[in-house]
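One structure is given below, encoded as structure tokens.
What follows draws every value from the coordinates through simple rules; no lab data is involved. Values in this document were obtained by computation on a predicted structure and should not be read as measured data. So basically every Cβ, Gly included, is an ideal-geometry build from the backbone, and we count neighbours across all protein chains shown.
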There are 2 protein chains.
Amino acid sequence: MRLTPAERRANPAHMLDLRPVGYVIGLLVAVLGAAMVLPMMIDIAEGRAHWPVFLQSALFTVLAGGLIAVACSNGVKEGLTIQQTFILTTGVWVALPLFGAIPFVLGATEARFVDAFFEAMSGLTTTGSTVFTGLETLPKGLLLWRGILQWLGGIGIIVVAMVFLPELRVGGMQIFKSEAFDTMGKILPRATQIASQISSIYLGLTMACALCYLALGLDAFDATVHALTTVSTGGFANYDASFGTFSGPPEYVASLFMILAALPFVRYVQMINGHTEPLWRDSQVRVFLITLMIIVLAIAIALTQIFPKDAETAFREALFNVTSIMTGTGYSSADYMQWGPLLISLFFFIGLIGGCAGSTTCSIKIFRYQLLFASIRLQLRKIRSPNGVFIVRYEKRAVDEEVLSSVMSFFMFFVLTLGLLAVALSLTGLDFITSLSGAATALSNVGPGLGDEIGPAGNFAGLNDTAKWLLSLGMLLGRLELLAVYAMLTLSFWRD
Amino acid sequence: MRLTPAERRANPAHMLDLRPVGYVIGLLVAVLGAAMVLPMMIDIAEGRAHWPVFLQSALFTVLAGGLIAVACSNGVKEGLTIQQTFILTTGVWVALPLFGAIPFVLGATEARFVDAFFEAMSGLTTTGSTVFTGLETLPKGLLLWRGILQWLGGIGIIVVAMVFLPELRVGGMQIFKSEAFDTMGKILPRATQIASQISSIYLGLTMACALCYLALGLDAFDATVHALTTVSTGGFANYDASFGTFSGPPEYVASLFMILAALPFVRYVQMINGHTEPLWRDSQVRVFLITLMIIVLAIAIALTQIFPKDAETAFREALFNVTSIMTGTGYSSADYMQWGPLLISLFFFIGLIGGCAGSTTCSIKIFRYQLLFASIRLQLRKIRSPNGVFIVRYEKRAVDEEVLSSVMSFFMFFVLTLGLLAVALSLTGLDFITSLSGAATALSNVGPGLGDEIGPAGNFAGLNDTAKWLLSLGMLLGRLELLAVYAMLTLSFWRD
Ligand SMILES: [K+]
Ligand SMILES: [K+]
């Protein structure tokens, strides 16, 4: 229904009501503020007098979030419209980094706002690109805060991917719409219910990961922070050398948990509810694991040939680094930097693969490639038999034409955004490799790019401010599967 | 209808009959051989005793082509099946480079076959990447032969794009199916008829271009060869410095004719037949010219800011180089190399735009971007109104869903092929920039890549043989809009 502005003012029921959106965002901001108590406690324990930073940040953030929620509370209804759901999704990932950045501004990092925002966005989108160096010397509170941002971002995105995106029909995610949660009622109550189930699983994985790290000799703090950034496939590390500090057995643990975090969390819920076999029967799980193993073995063999590496070392390094990039975690091990330009540039393409839908991973994702290749086969057969009727199947069910064109659009959006972002970055003065790999690593939330500046041995600190804003935008777009943001760019979106 | 192998042998009418395909290929090979008489004559005139190379090549090629045609002549019928048309299209662009390469092997270039084939493929696909240096010192016959290969490739592709591809429903080209030539009967007679009309126009443009070059001081030989490679948007030049040799007014002439060659040739046919206004009313022409002008002006302004260049120089350089890359010609002017990495890396993306359908240009092409953006708008509106019915229009007519998904598939094929080709090239040992830009420049038939090795100042001679074969394959795939080749990769293609 279209109304004139006068009619709209006369009838407020038809105006876009942002209060339910503001209410949820306010609550989440307050939760983020409450989470700042943890780094405060670590700072108190460390005794470097850094804890007031988190006390101030927490008070301000809880207060601001609470005020927003209270101010909007009179407009809260059960359920959200499609329009409100879109605004909420993007709004959360814009609001939380704004507040999450505060400790980096006030704290020992003494960051300018652009850097602090970049770091917080990189955290909450589980990207893991960092602008800080000398990580070893930072107060423990700040390091824990970086881990917490990624951990919260990880659980947040699983809920969004399972509840919101299928509902919003974004990028082919509607294919997962009827799975498991179809009868759970309206979108907000369902989100709460799923979030609590998923949170237990996510927390369980994190604790298991931390215990394994602990068992292999990491101290309690490193084990905790790296568990937070492993299970969220975030990739922030406590050391400038990234995961290179923990060469050896911890790399196997990290690989295992990165892989577990890249699988669809809906399957874990089903397994807990007594369905024991759905994990391997899920075709995206199979394709993901098989693809991963083929690339790992190929690179491991290449490493034994190029270097005099023994089989175990070659396998471990290949497993760890390929898993890290393909799941979009973005840790790198010490030796990886010496693999030479050939192997490293392969990682540009591996980063564009991604994990399973409904996990913490980002990028194009396995199920989209499955549907893309199915649709490629269909196109080729159609060329030969223009009047033939062909059906694409996924998980043995016929896939709607609409889902296919939605997936193809996603791919198009991804590539065009990648191109435009790379052009924009190069217009700020970055060279070709930095622009292109920076755009790709931001959009696919991997973390490291290519080249001397932002490569695995580099750091994003030296980029110009415009580039940092552009990359922050890229991380946001990529994390929300692009269309959840782009949908708001059409005029018709804002009509009643 | 599927038959068992035994049934198929028993009933030869159901076997794939390659004789009509062989007949046409044989004739075209013979024509190519006949065309070698021209460089022979130039070689005789130059008096460097190089002419026997072309005499031998011509005799061998005409004889081989003639024998193929004669051997297949008993199977010729009026018209081809879809299957035969596919095989013919790819077959022509594989067979002609094989024979076109002969003079480079026998002649003063003394090329190994891989280099000679690369150069001939680069010619016939109008790519313009070269493996030869010291062009100034080569016999004139060889330089003319490079020009002739591109010129023939150019006219060839116009005919294919106007007649074959719409019929084969490749990459959304079916949108041009009903245009102008719908009632002309079966595919081979129609091809002959269109080819003769287009040839006059193409020849006219070439002669006009040559006369303009001549008037601006180029000698008759340079004017002729560069006219051949301008109008075909091929980009081979007679000098290692490419078009840098002719700085100044000739750049305007080249720009004008590159632009004319990038417009849809069907419009010229219509204009000759008395329709005076269709050129500007064609929306892809408008979008192409407007896009070109915006980029030219932006870069011209940038050049006046970055360098102390006067307005005319900046405009001329921007116009010439942007037009050269966007039309996929691939000439470069002397100053372009000094523009710095920032501007040059923009050219990577400009090369992915392309010209109009039914011209000599390659790459993704303007009409596909128009349809992609229309389909993007549609997707965004569908997200907001899932049950809404939206119609994409092109040239005021509703576009079939099938055309849209065909265009999206083309884009997908293009990007995935680009990625795979880049990975394959980097596996042969090329660095990231060379692999990626080499794959892009081959697929979009532009010519120069980026970086020190294959950039505008570089040359493809130093690449390893595998890379040269891969790039030749890339040129072939790109020139035939990928799907015309890929269609043959499905099993069902080969069934009766
Ligand atoms: K990451
Ligand atoms: K070219």
Qualifying residue in the range A:379-388 (condition: in a helix (DSSP H, G or I) and more than 9 Å from chain B (Cβ to nearest Cβ)): no
Some residue of the range A:198-220 being over 26 Å from A:F288 (Cα atoms) and in contact (Cβ under 8 Å) with a residue 60 or more places away in the chain: no
Qualifying positions in the range A:90-116 - of a type in the set (D, E, K, R) and either within 20 Å of A:T126 (Cβ to Cβ) or buried (at least 21 other Cβ atoms within 10 Å of the Cβ) (or both): A:D115
Failed item in (1) surrounded by fewer than 21 Cβ atoms within 10 Å (Cβ to Cβ); (2) assigned to a loop (DSSP other than H, G, I, E, B), with A:A69 passing the rest: (2)
Counted residues, the range A:122-151 - those being surrounded by 24 or more Cβ atoms within 10 Å (Cβ to Cβ), away from ligand 1 (no atom under 16 Å from the Cβ) and under 20 Å from A:L471 (Cα atoms): 0
Condition check for A:G447: away from chain B (no Cβ under 11 Å) and in contact with a helix residue (DSSP H, G or I) (Cβ under 7 Å, 6 or more places away or on another chain): yes
Subset of the range A:315-365 [among the basic types (K, R) and surrounded by 24 or more Cβ atoms within 10 Å (Cβ to Cβ)]: A:K365
Failed condition for B:Q338, given (1) of a type in the set (S, T, N, Q); (2) touching a helix residue (DSSP H, G or I) at 6+ places or on another chain (Cβ under 8 Å); (3) more than 7 Å from every other protein chain (Cβ to nearest Cβ): (2)
B:V423 more than 16 Å from ligand 1 (Cβ to nearest atom) and at the interface with chain A (Cβ under 10 Å from one of its Cβ atoms): yes
Some residue of the range B:461-478 being away from chain A (no Cβ under 12 Å), among the aliphatic types (A, V, I, L, M), in contact with a Ser or Thr (Cβ under 8 Å, 6 or more places away or on another chain) and surrounded by fewer than 20 Cβ atoms within 10 Å (Cβ to Cβ): yes
Residue within the range B:356-373 that is within 17 Å of the chain's Cα centre (by Cα), away from ligand 1 (no atom under 16 Å from the Cβ) and within 11 Å of chain A (Cβ to nearest Cβ) present: yes
Scan of the range A:260-281 for residues that are surrounded by fewer than 20 Cβ atoms within 10 Å (Cβ to Cβ) and either of a type outside the set (K, R) or in contact with a Lys or Arg (Cβ under 7 Å, 6 or more places away or on another chain) (or both), ordered by number: A:L260, A:Q270, A:M271, A:I272, A:N273, A:G274, A:H275, A:T276, A:E277, A:P278, A:L279, A:W280
Breaking point among (1) away from chain A (no Cβ under 11 Å); (2) in contact with a helix residue (DSSP H, G or I) (Cβ under 8 Å, 6 or more places away or on another chain); (3) surrounded by 24 or more Cβ atoms within 10 Å (Cβ to Cβ), for B:T304: (3)
Residues (within 18 Å of A:T126 (Cβ to Cβ) and either touching a strand residue (DSSP E or B) at 6+ places or on another chain (Cβ under 8 Å) or assigned to a helix (DSSP H, G or I) (or both)) located in the range A:323-346: A:T323, A:S324, A:I325, A:M326
Residue match in the range A:398-418 (condition: farther than 29 Å from A:Q370 by Cα and more than 9 Å from chain B (Cβ to nearest Cβ)): no
Residues located in the range B:190-241, provided they are at positive phi and more than 16 Å from ligand 2 (Cβ to nearest atom): B:G217
Cross-chain or 6+ apart pairs with Cβ under 7 Å, the range A:351-370 first and part of a loop (DSSP other than H, G, I, E, B), then of a type in the set (K, R): A:G354/A:K365; A:G355/A:K365; A:C356/A:K365; A:A357/A:K365; A:C362/A:R479
